[in-house]
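**Q** Take a look at the following structure, please.
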């Protein structure tokens, strides 16, 4: 009898916790009291697995293609468009207006030696955003025949055993003959890497000449390293100060993957569009996709509107979490497999704020 009483007391106090996963939701339950077996809901957390991200990515790609009047993603590579830096800067400046403040422009003079240019960046640029960089060569003499030349900038690493391309530009013979100086844009991500990791670095300038054959096709010759003998090359760049936006009361909360995720919030995924099937998008290089998810059930019953709140929580009157404002992004993309480029403002795909009704 004593043993039976102990077992009954033990099971009466027993608390059983388990997880139930269904329809991409993670829900926790508690079972209390062996007599009534009361059930309590503890959490409502949207799952954020890789599978969710893939499904979200697939759905967004379909909607984006429809918005761009494309049936399938064109088979091109964004690396085939190396001279579009000026166009990309247009997008970057407009998309970053709320995240940085332009301080001004500056330049750093390089020191040519042998077939390289040595640069030492000033300490004043540290903790700054450095963009719109260009390598300017005042005088570059090319003593060979060509119709088009592809000039590339390489960052020399590991004592010259490794070269990483950080910028390039194509010139025709006519353009080179008229140019008083040569300007080669530096990729923003590489400029940021250079200025944040390396105090000093060496660059190398090479060119691949092309000549038209009898069939009017451009044929490349061997790569040539340039040796700067006249003048001092320099890098120009724009300096921006980072700042945090003041969070106003009306700003939309983002989903923070906690117990509060059950409420209406802004979910965000980032995709690298340099990889298929996204690489037909030339700009931006990273696409941040946002959508509205969650519940609009109110928990506040101690307000003057409590009757309305309870009314809206009834099944037939439940409110819905929806996109109340969209972001506008400018997309530069290829419209066909030949690499025909086009700009378009996307106005109704990426959520900015979420609301309940």
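**Q** Under a point spin-label approximation (7 Å from Cα along Cα-to-Cβ), what is the residue 353-residue 213 distance to one decimal in nm?
**A** Between residue 353 and residue 213, the label points sit 6.1 nm apart.
**Q** Rule-of-thumb check for the stretch 172-213: C-alpha Rg over 2.2 N^0.38 Å?
**A** It is 1.63.
**Q** OK, next. So how long is each side of the stretch 100-242 along the principal axes, counting just the alpha-carbon atoms, biggest first, in Å?
**A** Sorted largest first, the three principal extents are 54, 33, 25 Å.
**Q** How much length is gained on full extension from residue 172 to residue 69, taking 0.36 nm per residue of separation minus their Cα-Cα distance?
**A** Length gained between residue 172 and residue 69: 33.7 nm.
**Q** Next question, about the same structure. I'd like the FRET efficiency for residue 163 and residue 197, computed as 1/(1 + (r/R0)^6) with the beta carbon distance as r and R0 of 22 Å, rounded to 0.05.
**A** 0.85
**Q** Follow-up. Quote the FRET efficiency, to the nearest 0.05, computed for residue 59 versus residue 143 with a Förster distance R0 of 51 Å and r equal to the Cβ-Cβ distance.
**A** 0.35
**Q** Going by how many other beta carbons lie within 10 Å of each one, how would you line up 290, 242, fewest first?
**A** 242, 290
**Q** Please arrange 118, 155 by counting, for each residue, the other beta carbons lying within 10 Å of its beta carbon, fewest first.
**A** Final ranking by Cβ density, sparse to dense: 118, 155.
**Q** Let me ask something else. Taking neighbour counts of Cβ atoms within 10 Å as a proxy for exposure, in what order, fewest first, do 145, 150 appear?
**A** Listing 145, 150 from fewest to most nearby Cβ atoms yields 145, 150.
Coordinate-derived values only; no laboratory data. Values in this document were obtained by computation on a predicted structure and should not be read as measured data. All Cβ positions, glycine included, derive from the backbone under ideal geometry; neighbour counts span all protein chains shown.
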